[in-house]
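Visitor: Okay, here's the structure, questions in a sec.
The values are calculated or read from the model by the stated rules, or taken from the named source; none is laboratory data. Treat the numbers as computed from the prediction; the structure is a model and nothing was measured. Backbone-built Cβ (ideal geometry, glycine too); neighbour counts: all protein chains shown. In case anyone asks, the SASA skips ligands and DNA or RNA and just uses the protein heavy atoms, side chains included. Shrake-Rupley method; radii C 1.70, N 1.55, O 1.52, S 1.80 Å.
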Amino acid sequence: MIPFTQYGSLLIIYIFTLLLIPAIIANLFQKKIKYYGIVLSIPMFILLLGLDSLAIKLFCVFIVCELILIIAYYYISKKISSEFVYFIVLGMSILPIFLVKLSVYTRFSGVGFIGISYISFRIWQLIIDIHDKHIEKLSFGTIIYFITFFPTLSSGPIDRYERFQQDANRVIPRTEYLTEYLGAGLRKIGKGIIYKFGFAFLINQYIILSLPDEHTIKTIIIYMYAYTLYLFFDFAGYSSMAIGSGYILGIKVMENFNKPFLARNMKEFWERWHISLSTWFGDYIYKRFVLNNMRNGLFKNKKNAARCGNMVTMLVMGIWHGPYLFYILYGLYEGIALVITDIYMKSKVYKNFKKRKYYNWLSRVVCFHVVAVGMLIFSGYLFSI
């Protein structure tokens, strides 16, 4: 079978578009299409993973085990309020991705399947929200649809269950679907194709791949700028296609990028770049770290707790990308950048500087270069010298 990656080729986008046609027709006739969305994932998973591959077998085992874990914990939590049980269940749900990430250091390197990371985010979110009593009722069909929602499989955006189920169970009026879903979805898919197969392809083909193997200061600088722009257009293009596909299925997936290179500081940048991931980490790691450690007295000062929280959150995000030194350094770099940003924004220098006419543009130029250095670290290019 030809190896595919999600939205990685125009062929798979074409196949996926054909499979979306019944969803468009059903929505135009104002029918609920949740179950068609679930069925739609089956041929796409087979196409991506292979009908008789180890990856699809692991995927099936993983999904079944995680569903059992989620449903069992949901009913247990109704009868028993136990932090011990909660941490055991959460730990069991984290174990598969932990083993997959560490497999790179074993002879089983490459074990796993496309989308395990982002499916795991959805699973952890469900378990945490069940624990926090944010989910009153679980629908088995909606859980499966939420976890396996194909358009956002491999790189997000990461949706929230409560918001997702409202869209999944809603019948959309025809006029609204035509204007706010189908039309908007097609525009987003078109934009994504231009970003990914236009700008990203050209940058990669004619700048990155044309660089000599020998690393010099000049090639490192060129690579830094090129890779930063390439990653944006490739990832934003992917996200736009994923969001557009979700719209066509009647799911308003959240935006993932909002002009990130116009950010004036690193805090603002993370509010604009991979928004769903940074929001997820902010809600489920950063805020919990700060609140829990303020309550238990580890920090007396909220400012210090917040800065330490930024370091921990970004370090975890770096490690999540993979157990490699350059990802760990990237996480530390981003954490330090956020701490320095926080210190700077509370200083008198910043309060005076932001009143200057040239503040917006100069701060954007500086922020872009801080971002670009981070992307250079993230790429691992410096470690291939």
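Visitor: Does the range 176-199 contain at least one residue that is within 16 Å of ILE251 (Cβ to Cβ), in a loop (DSSP other than H, G, I, E, B) and either of a type in the set (Val, Ile, Thr) or open to solvent by less than 10 Å² (accessible area, probe 1.4 Å) (or both)?
Guide: Looking through the range 176-199, none of the residues is within 16 Å of ILE251 (Cβ to Cβ), in a loop (DSSP other than H, G, I, E, B) and either of a type in the set (Val, Ile, Thr) or open to solvent by less than 10 Å² (accessible area, probe 1.4 Å) (or both).
Visitor: Moving on. Of the residues that make up the range 114-133, is at least one open to solvent by less than 70 Å² (accessible area, probe 1.4 Å) and over 20 Å from ILE158 (Cβ atoms)?
Guide: No, there is no match, as no residue in the range 114-133 is open to solvent by less than 70 Å² (accessible area, probe 1.4 Å) and over 20 Å from ILE158 (Cβ atoms).
Visitor: Let me ask another. Find the residue count for the range 150-160, including only residues that are farther than 13 Å from GLY244 by Cα and either open to solvent by less than 10 Å² (accessible area, probe 1.4 Å) or among the hydroxyl-bearing types (Ser, Thr, Tyr) (or both). Before the answer, list the steps.
Guide: Quick first cut of the range 150-160, residues farther than 13 Å from GLY244 by Cα only: 153-155, 158-160.
Checking which are either open to solvent by less than 10 Å² (accessible area, probe 1.4 Å) or among the hydroxyl-bearing types (Ser, Thr, Tyr) (or both) leaves us with 153-155, 158.
Of the residues in that region, 4 qualify.
Visitor: Filtering the range 203-250 down to residues that are hydrophobic (A, V, I, L, M, F, W, C), buried (at least 20 other Cβ atoms within 10 Å of the Cβ) and within 17 Å of the chain's Cα centre (by Cα), which residue is nearest to ILE193 (Cα to Cα)?
Guide: For the range 203-250, the residue satisfying everything is MET241.
Visitor: Name the residue that is farthest from VAL371 (Cα to Cα), counting only residues in the range 330-357 that are among the polar types (S, T, N, Q) and surrounded by fewer than 12 Cβ atoms within 10 Å (Cβ to Cβ).
Guide: Looking at residues that are among the polar types (S, T, N, Q) and surrounded by fewer than 12 Cβ atoms within 10 Å (Cβ to Cβ), I get ASN352.
Visitor: Which one of these does SER109 not meet: (1) hydroxyl-bearing (Ser, Thr, Tyr); (2) over 27 Å from GLY282 (Cβ atoms); (3) more than 24 Å from the chain's Cα centre (by Cα)?
Guide: The number of the failed condition is (3).
Visitor: A follow-up question, please. Scan the range 336-343 and give yes if some residue there is among the charged types (D, E, K, R) and in contact with a Lys or Arg (Cβ under 9 Å, 6 or more places away or on another chain), otherwise no. Working first, answer last.
Guide: First, the residues of the range 336-343 that are among the charged types (D, E, K, R): 342.
Subset that is in contact with a Lys or Arg (Cβ under 9 Å, 6 or more places away or on another chain): 342.
Yes, that holds for at least one residue.
Visitor: Scan the range 134-141 and tell me whether some residue there is assigned to a helix (DSSP H, G or I), more than 29 Å from ILE248 (Cβ to Cβ), without any contact (Cβ under 8 Å) to a residue 24 or more places away in the chain and over 18 Å from the mean Cα position of the chain (by Cα).
Guide: So far as the range 134-141 goes, no, none of its residues is assigned to a helix (DSSP H, G or I), more than 29 Å from ILE248 (Cβ to Cβ), without any contact (Cβ under 8 Å) to a residue 24 or more places away in the chain and over 18 Å from the mean Cα position of the chain (by Cα).
Visitor: Report, ordered by the first and then the second residue, all pairs with beta carbons closer than 7 Å, sequence separation of six or more or different chains, a first member in the range 313-338 that is under 17 Å from TRP273 (Cα atoms), and a second member that is of a type in the set (Asp, Glu).
Guide: MET314/GLU334
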